[in-house]
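Heads up: the structure comes next, in structure tokens.
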Amino acid sequence: MRHFLKIADFSAKEIDKILNFSLRLKKELKKTGKNKPIFQDKSLAMIFEKPSLRTRVSFEVGMTQLGGHALYLGPNDIQMGKRESIADISGTLCRYANIIMARVFKHEVLDELVLHSTVPVINALSDLEHPCQIMADLLTMLEHKQKLKGLKVAFVGDGENNVTHSLALAAGLMGIDFSVANPRGYSMKKEVVADAKKFAKKSGGKINEYNDPQEAVSGVDVIYTDTWISMGDEAEKAKRLKAFKEFQVTNKLMNYASKSAVFMHDMPAYRGNEVAEEVIDGPRSIIFDQAENRLHAQKGIMVYLIKNSTFEKSQGKK
Ligand code: NVA
């Protein structure tokens, strides 16, 4: 049984394959207004411990477009670990649904869901990673820059962040030259850096860490940022606003990047904090292409997982 909890749960080859398939689904949808009902009679159970706009809507619409059905289970519906144990929730849901997707505070909750599920589990954001976002981002980079290998991408802001982590690991896998600039004390987790560098060695990618945004973005093709205050970090708001003050993506910072550099943000975005209005609402911003690609990339992920688990089931493996 295959699950998608971390970006590196897929190999570089699998990521390529899924991105190509997602692109095919996107083209089919744009050309004919619909996709083939690959997921007829299939259901996706969506567990949310945190709020969501893009993730919820793109998964639900994606499932509908493939002829399937998605169910939203909000924080008050199932109260994971309070009303019922994670084990009981997972063991029950997999008897009804063909895929389980969950957005959680602690990544370990996903590991526990996997332990008790007979269907694929997808990470729709945890404190550690946001792999679905990054699959959509890779698709967006491919569309705008026609390559991943050798692409120069810089992330400016919170290093110890789910998006940064998945981005660095994806960069390592796909041969991207990745730089991150964060304030001291807000670096990527050591294990993530070690894994990303290990992958980069094989792929020809690079993982560079800086404390100076200008250095990190010098000559890059893509500048990426995310909120300074992720869901769960709200109590540190005042401290973080102070720590990240010098890390806003402005037009001045964009000018250190390559002339044709684009700006990316997974959203929700806070104009005047991590990014200036002039950048996010300006001509170099591709945030809505990114948001749209959540839909296409996640369809690719779901189809791949279902195909794979069916295959493994036929081989008698869990
Ligand atoms: N790092 C952000 C991503 C939001 C999609 C958060 O965890 O809140």
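The values are calculated or read from the model by the stated rules, or taken from the named source; none is laboratory data. Since the structure is predicted, the reported quantities are computational estimates derived from the model, not experimental observations. Positions of Cβ are backbone-derived with ideal geometry, glycine not excepted, and every protein chain shown enters the neighbour counts.
Any chance you could count how many residues in the stretch 36-58 are within 23 Å of the chain's Cα centre (by Cα) and more than 11 Å from the ligand (Cβ to nearest atom)? Going through the stretch 36-58 one residue at a time, the tally reaches 11. Summed over the stretch 113-143, residues that are away from the ligand (no atom under 16 Å from the Cβ) and in contact with a strand residue (DSSP E or B) (Cβ under 9 Å, 6 or more places away or on another chain) total 7. Of all residue pairs spaced 6 or more apart or on separate chains, those with beta-carbon atoms under 6 Å, a first member in the stretch 254-270 that is closer than 19 Å to residue 158 by Cβ and a second member that is of a type in the set (D, E, K, R) and within 11 Å of the ligand (Cβ to nearest atom) are 266/226.
Do you know which of the residues in the stretch 140-165 that are among the β-branched types (Val, Ile, Thr) and part of a helix (DSSP H, G or I) is surrounded by the most Cβ atoms within 10 Å (Cβ to Cβ)?
Out of the qualifying residues, it is 164.
Out of 28, 14, one residue alone is without any contact (Cβ under 8 Å) to a residue 60 or more places away in the chain, outside any loop (DSSP other than H, G, I, E, B), at negative phi and among the charged types (D, E, K, R). It is 28. The number of residues in the stretch 146-192 being small (Gly, Ala, Ser), more than 20 Å from residue 135 (Cβ to Cβ) and within 16 Å of the ligand (Cβ to nearest atom) comes to 3. Can you say whether residue 68 is out of contact with any helix residue (DSSP H, G or I) (no Cβ under 9 Å at 6 or more places or on another chain), more than 22 Å from residue 10 (Cα to Cα), at pLDDT 95 or above and of a type outside the set (Ser, Thr, Tyr), as far as the supplied structure shows? So residue 68 fails the test. Among all positions in the stretch 74-89, there is at least one residue which is closer than 21 Å to residue 130 by Cα and loosely packed, with under 15 Cβ neighbours inside 10 Å. In the stretch 110-139, of all residues being of a type in the set (S, T, N, Q) and outside any strand (DSSP E or B), the one that is surrounded by the fewest Cβ atoms within 10 Å (Cβ to Cβ) corresponds to 118.
The residue of the stretch 215-266 that is surrounded by the fewest Cβ atoms within 10 Å (Cβ to Cβ), among those that are within 14 Å of the ligand (Cβ to nearest atom) and of a type in the set (Ser, Thr, Tyr), is 230.
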